[in-house]
Amino acid sequence: VADEGPSTLRIIAMHDLPNSVELVYDSNEFLTRAHNVFVDSLNAVLYVCGGNGSNSVRLLSLADPTQPTLLAEYGFNTPFPIPYVHDIYVRNNIAYLNCANVGFFMIDFTNPTDPINLGNMMNYPQKGYNHSGWLANDGEHYYMCDETHGMDVKVVDTSDPSDMSVVNLFNAESTSNQIVHNALVKDNFLYLSYYYDGVQVYDITDPVNPVRYSYFDTFDGDNTSFYQGAWGVYPYLPSGNILVS
């Protein structure tokens with residue numbers, strides 16, 4: 001997907017890599033702009049968020065992974081209203097919604113046409129632009145990134161969705177205007193793309209108390225109140241290599 005103007009949803013077949021790659025779906029039937037997508041692979045559902053105007057979340061069935069079909073969509077003015085969702089994480093039908101300046105929501109989409117609002121967190125320490133996050137392996141703690149200069153990464157206790165709270169704060173230990181972008185978890189490590197501070201890796205054996213394990217700075221300039229450096233990180237390659245954009 002693309003978030004810089006009108007585009008399409010594209011699906012690329014990679015099963016024959018490295019010999020070939022094939023574009024198997026390219027259509028604007030369901031969207032022309034999105035910030036991100038997330039696949040709940042266990043249930044074959046594609047979640048689309050951001051850039052959809054009044055439709056903040058769309059659910060597409062991937063029962064046929066090359067021919068998606070619309071299951072449901074939700075936004076400001078739908079019967080089940082959801083604020084603008086900038087990014088989303090989903091595990092087995094439970095969606096964790098990063099809703100920009102509004103806050104953080106947990107929604108049960110087990111029945112896509114009859115979702116349940118499990119809880120939300122509108123106010124929390126160092127609230128900024130609620131951008132993205134990732135769930136810890138224990139399923140009870142969420143690493144939340146506010147894309148606002150000077151704001152720490154939050155460890156959110158989600159064990160009781162009706163009473164969620166921030167139980168720890170941590171950062172890249174650099175300048176007062178540092179800024180984080182995305183978080184991903186692999187095994188017992190949390191990988192953060194941290195703009196000016198590059199890739200930051202934390203040991204989350206204790207999910208409440210991340211300990212910085214390593215880092216790699218990808219930007220040799222000064223930290224400013226802009227957005228440069230490590231935009232994304234991908235630690236899931238079979239080779240063990242880490243991709244950074």
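Over segment 46-108, give the accessible area per residue in Å² for a 1.4 Å probe, as an integer. Intermediate values should be presented prior to the final figure.
Values: 2180 Å² over 63 residues.
Computed with neighbouring chains in place, this is 35 Å² per residue.
Provide the solvent-accessible area of Met14, counting protein heavy atoms only and rolling a 1.4 Å probe, rounded to the nearest 10 Å².
Only protein atoms counted, so the area is about 120 Å².
Keeping all protein chains in position, work out how much accessible area Ile12 exposes to a 1.4 Å probe, and write it in Å² to the nearest 10.
100
For the chain, what's the relative contact order in percent, using C-alpha pairs closer than 8 Å and at least 6 residues apart?
After rounding, I find 9 percent.
Once the Cα gyration tensor of segment 116-228 is found, what semi-axes does its equivalent ellipsoid get, as square roots of 5 times the eigenvalues, in whole Å, sorted largest first?
The three semi-axes for segment 116-228 are 24, 17, 10 Å.
If amide hydrogens are placed 1.01 Å from N in the peptide plane, which non-local residues have theirs closer than 5 Å to the one on Gly103?
Under 5 Å from the amide H of Gly103 lie the amide H atoms of Asn130, each far enough along the sequence or on another chain.
Thr158's amide H: which non-local residues (gap 5+, or another chain) put their own amide H closer than 5 Å, with H modeled 1.01 Å from N in plane and none for Pro or chain starts?
Here His141, Tyr142 satisfy the definition.
Using the Karplus curve 6.51 cos²θ - 1.76 cosθ + 1.60 with θ = phi - 60°, work out ³J(HN,Hα) for each residue of segment 165-176 in order, rounded to whole Hz, and write x for Gly and Pro.
For segment 165-176, the Karplus-derived couplings read 7, 7, 10, 6, 10, 7, 8, 7, 6, 10, 9, 6 Hz, x marking Gly and Pro.
Can you tell me the length gained on complete extension of the stretch Ser245 to Asn111, counting 0.36 nm per residue apart and subtracting the Cα distance?
Between Ser245 and Asn111, full extension yields an extra 44.7 nm.
Whole-Hz ³J(HN,Hα) for each residue in segment 194-201, computed from phi via Karplus 6.51 cos²θ - 1.76 cosθ + 1.60 with θ = phi - 60°, x for glycine and proline: what do you get?
Once θ is set to phi - 60°, the couplings for segment 194-201 become 10, 6, 4, 8, x, 8, 10, 10 Hz.
Return one quarter of the surface area of the convex hull spanned by the alpha-carbon atoms of segment 84-137, equal to its mean projected area, in nm².
Mean projected area of the Cα convex hull: 3.9 nm².
Can you bin segment 1-73 into rounded, prolate or oblate? Criterion: square roots of the alpha carbon gyration tensor eigenvalues sorted a ≥ b ≥ c, rounded for a/c under 1.5, prolate for a/b above b/c, oblate for the rest.
oblate
In segment 201-245, if every C-alpha pair distance is counted and binned at 5 Å from zero, what percent goes to each bin?
5, 16, 18, 22, 22, 12, 4, 0
Mind giving me the FRET efficiency for Ser225 and Ser27? R0 is 41 Å, r the Cβ-Cβ distance, nearest 0.05 is fine.
On the way: r = 39 Å, r/R0 = 0.95.
FRET efficiency, Ser225 to Ser27: 0.60.
Multiply the residue gap between Ser165 and Phe80 by 0.36 nm, knock off their C-alpha separation, and tell me the result in nm, one decimal place.
Here the segment from Ser165 to Phe80 would lengthen by 28.2 nm.
Would you please state which residues of segment 56-94 a label at Val39 would reach in this model, taking the label point 7 Å out along Cα→Cβ and a backbone N cut-off of under 18 Å?
58-71, 88-94
Normalised by the residues of segment 24-74, what does the relative contact order come to in percent, with Cα pairs under 8 Å and at least six apart?
That works out to 28 percent.
Residue by residue, what Karplus-based ³J(HN,Hα) values in Hz, rounded to whole numbers, does segment 91-103 have, using 6.51, -1.76 and 1.60 with θ = phi - 60° and x for Gly and Pro?
So the Karplus estimates, Gly and Pro as x, are 9, 6, 6, 8, 9, 10, 9, 9, 9, 6, 7, 7, x Hz.
Could you calculate, for the chain, the ratio of the Cα radius of gyration to the Kirkwood radius, expressed as Rg to Rh?
Dividing the radius of gyration by the Kirkwood radius yields 0.96.
Taking 0.36 nm per residue of separation and subtracting the Cα-Cα distance, what length does fully extending Asp138 through Thr175 add?
Answer, rounded to one decimal: 10.2 nm.
Over the C-alpha atoms of segment 48-104, what are the Rg and the largest Cα-to-Cα span, Dmax, in Å?
Final numbers for Rg and Dmax: 11.7, 35 Å.
Over all distinct alpha-carbon pairs, what is the Kirkwood Rh of segment 65-173 in angstrom?
After inverting the mean inverse Cα-Cα distance, the result is 14.5 Å.
In segment 1-39, which GluC sites (Glu not before Pro) are in a loop and have at most 16 other Cβ atoms within 10 Å, using DSSP for the loop call? Before the final figure, lay out the partial values.
Numbers: sites: Glu4, Glu22, Glu29; in loops: Glu4, Glu29.
Here the sparse-neighbourhood loop sites are Glu4, Glu29.
The values are calculated or read from the model by the stated rules, or taken from the named source; none is laboratory data. Given the structure is predicted, the values throughout are model-derived calculations rather than measurements. Cβ atoms come from the backbone with ideal geometry, glycine included; neighbour counts cover every protein chain shown. Heads up: the accessible areas ignore ligands, DNA and RNA and are worked out on the full protein's heavy atoms, side chains in. Shrake-Rupley method; radii C 1.70, N 1.55, O 1.52, S 1.80 Å.
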